[in-house]
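The values are calculated or read from the model by the stated rules, or taken from the named source; none is laboratory data. Note that the structure is a prediction, hence the values are computed from the model and not measured. No Cβ is skipped: glycine too gets one built from the backbone with ideal geometry, and neighbour counts run over all protein chains shown.
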Amino acid sequence: MKARKRERRREAKPVRETHIFRLFVAGNESNSSQARRNLARICEEHIKGRHKIEVVDVLKDVSSAHKNRVLVTPTLILIKPLPKVIVLGNLNDTEQVLAALRLNGDER
Amino acid sequence: MATAKRRAQGKNAGGPQKRTKELPKVSTGIAGLDLVLGGGLPAGRVTLLSGGPGSGKSMIGLQCLLQGAADGRPGILVMFEERAAAMRQNAASLGWEMTRLEKKNRLYLMDARLDPEAVISGEFSIKGLLAILDQRIKAMRAKLILIDAADALLHLYDSPLRERRELYALHEWLLDRGLTAIMTVKTVPQEEAPSRYAFLDFMADCVIHVDQRVTAQLTTRRLRVIKYRGSGYGRNEYPFIIDESGINIIPITSSVLQHRPPGPKMSSGQAWLDDLLGGGFKSGTSILLAGTAGAGKTTMACAFARAAGLRGERVLYLNFEESAESMVSNMLSPGLPLQPLIQTGKLAIRSYLPEAMGVEEHLFHALKDLDEIQPQHVIVDAISACKRMGSEQAAFEYLMRVLNVCKERGVTCIYINQTAGLDIVAEISGIGISSIIDTIILLRHLPIGGAVARQLIVMKSRGSKHSEQFHEFRITDRGIDLVKT
């Protein structure tokens, strides 16, 4: 059911919508820095000019981490387009990240 | 830096000290467990509670946390697996209401279950969780933390190396905050993944393993302390039960036998038997009345109980054979009215069905009765029925523990054992406890001519002279009389 719904939504609004991401990091630890770089690169290559990235440092903004139930860092949340997607980790596996964010195949 | 220093201190504390200062401990809120741990959990250190599913590890952790919170040591509960609602229910089953502690800011529940739909791509750490916890720790000045199902966290990592690294980081984090921590870890049957948790065992200062087994259709829970750095601890397996009053552990078989020396002699209830015993029973000792059915064992025990009651002493009669009412009415025939003693609180008869519960629960009830009644004498009728608590081993454990408690408290312990066959001497030992019994009296039936004669012999009476002959006796409506020959 859910899968079919998801499918329909994708057909209706294929690629034009702006992607809004929220990336939770923990200061400058290496996984967080890698995730930032990886996300920036992926957006640049696949949805150039159609994305917004909000970076939240959980060490500084604990309540936001709490509110979003962010327990591990880095955590990437795709807020729009729906449905919401959560990806944990430094995003080093580009293919996997693209698939999770439904960006594979968009440009091809 | 700070860690290196602390570790050096830790080494000193755990070194070959004999009488040096023990490390600071925090009560677990479970009296029996505190005894086993020599005072409680190591303060400011990590304790690992491992066990299979349903073994009760989370309940033990919960009891420690909630008791601590109630006693003014605020605590945080981090749940990697269970929902908050389920935890509240667990707490309620132990008699706790979490919301009251939460309102007082003494308890904080942190749901740390990860979204099951989250995709994992590459390495990560639990910094987010720790940042949230840090804030809470400061806000409520937390002293305790229970990390429930830490294994669920481990399953997130795809390599043992990363698992270790994260755990190590978590361990350091806990130590740096001076928190007394309890981590529960689900263990799988040993052969499957020993290496995975070997590391955990190494890291924690105290490791407790709990398990649940079914023997002879009765479930028993047991607890064992595997290690405790820098502290002594009870090294046995300790049975425990969980009920609405919380967790009850019965650490009776303590490493030291602290039996009191026997007290003065007292009457057995019959002057002639006192003569045979060289002056009567010694108070605070153990006595075995063994014999065939109908030989007069219960009558003899009741005669003793009555005599003790009339002297103003209290007797606890644990009956596994019949109800209090039927015993009281049966004893009217040999002229032993027990009702007046019950009314004045000198005699308490507690009847239990042996197969109604496991040995731990029986033990728990016996100890509760002992604490409530504070008797000078305890009678167990009959140890042969105790086998129905599960097995011979179960009966042995029960009787040994009851006997030990009695000896520690200087309470006289009278065991009645019903023997079946004619070869009474072989049977009399009664589940292998005879070696620790001080006095053994054997009663038997003997066909003489057309009638049956009752005979009695004192087989053993530690530390006093006694008759070594069979003596004939008769039960009349005025008690038990010696038949003079």
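Details
- Test: B:L101 is modelled with pLDDT of 90 or more, under 22 Å from B:L153 (Cβ atoms) and either crowded, with 21+ Cβ neighbours inside 10 Å or not aromatic (F, W, Y) (or both): no
- Condition check for B:L133: touching a residue at least 60 places away in the same chain (Cβ under 8 Å) and either small (G, A, S) or buried (at least 19 other Cβ atoms within 10 Å of the Cβ) (or both): no
- Hits in segment B:65-89 (condition: in contact with a helix residue (DSSP H, G or I) (Cβ under 8 Å, 6 or more places away or on another chain), crowded, with 19+ Cβ neighbours inside 10 Å and not aromatic (F, W, Y)): B:L66, B:A69, B:P74, B:G75, B:I76, B:L77, B:V78, B:M79, B:M87
- Looking only at residues of segment B:212-233 that are over 27 Å from B:W96 (Cα atoms) and at pLDDT 80 or above, we find that the one that is surrounded by the most Cβ atoms within 10 Å (Cβ to Cβ) is B:Y228.
- Filtered residues of segment B:373-386 (kept if part of a helix (DSSP H, G or I) and either buried (at least 24 other Cβ atoms within 10 Å of the Cβ) or within 18 Å of the chain's Cα centre (by Cα) (or both)): B:C386
- Residues that are facing another protein chain (nearest Cβ under 7 Å), on the phi < 0 side of the Ramachandran plot and either of a type outside the set (A, V, I, L, M, F, W, C) or in a helix (DSSP H, G or I) (or both), drawn from segment A:55-103: A:V62, A:A65, A:H66, A:T73, A:P74, A:T75, A:N90, A:N92, A:D93, A:Q96, A:V97, A:A100
- In segment B:126-178, the residues that are within 11 Å of another protein chain (Cβ to nearest Cβ) and touching a strand residue (DSSP E or B) at 6+ places or on another chain (Cβ under 6 Å): B:K127, B:G128, B:R136
- Criterion (surrounded by 16 or more Cβ atoms within 10 Å (Cβ to Cβ), at pLDDT 90 or above and in a helix (DSSP H, G or I)) met by exactly one of B:L370, B:L363: B:L370
- Residues located in segment B:465-485, provided they are surrounded by 17 or more Cβ atoms within 10 Å (Cβ to Cβ) and under 37 Å from the mean Cα position of the chain (by Cα): B:H466
- Matching option when the condition is within 30 Å of A:T94 (Cβ to Cβ) and either away from chain A (no Cβ under 14 Å) or touching a residue at least 24 places away in the same chain (Cβ under 8 Å) (or both), among B:L101, B:L107, B:L114: B:L114
- 3 or more residues within 30 Å of A:D57 (Cβ to Cβ) and of a type outside the set (G, A, S): qualifying helices (runs of 4 or more DSSP H) within segment B:49-147: B:127-140
- Meets criteria (within 25 Å of B:G294 (Cβ to Cβ), modelled with pLDDT of 85 or more, assigned to a helix (DSSP H, G or I) and hydrophobic (A, V, I, L, M, F, W, C)) for B:L399: yes
- Lone qualifier among B:G294, B:G279 - being outside any helix (DSSP H, G or I), among the small types (G, A, S), touching a Lys or Arg at 6+ places or on another chain (Cβ under 6 Å) and modelled with pLDDT under 90: B:G279
- Verdict on B:A303 being in contact with a Ser or Thr (Cβ under 8 Å, 6 or more places away or on another chain), farther than 19 Å from B:D477 by Cβ and hydrophobic (A, V, I, L, M, F, W, C): no
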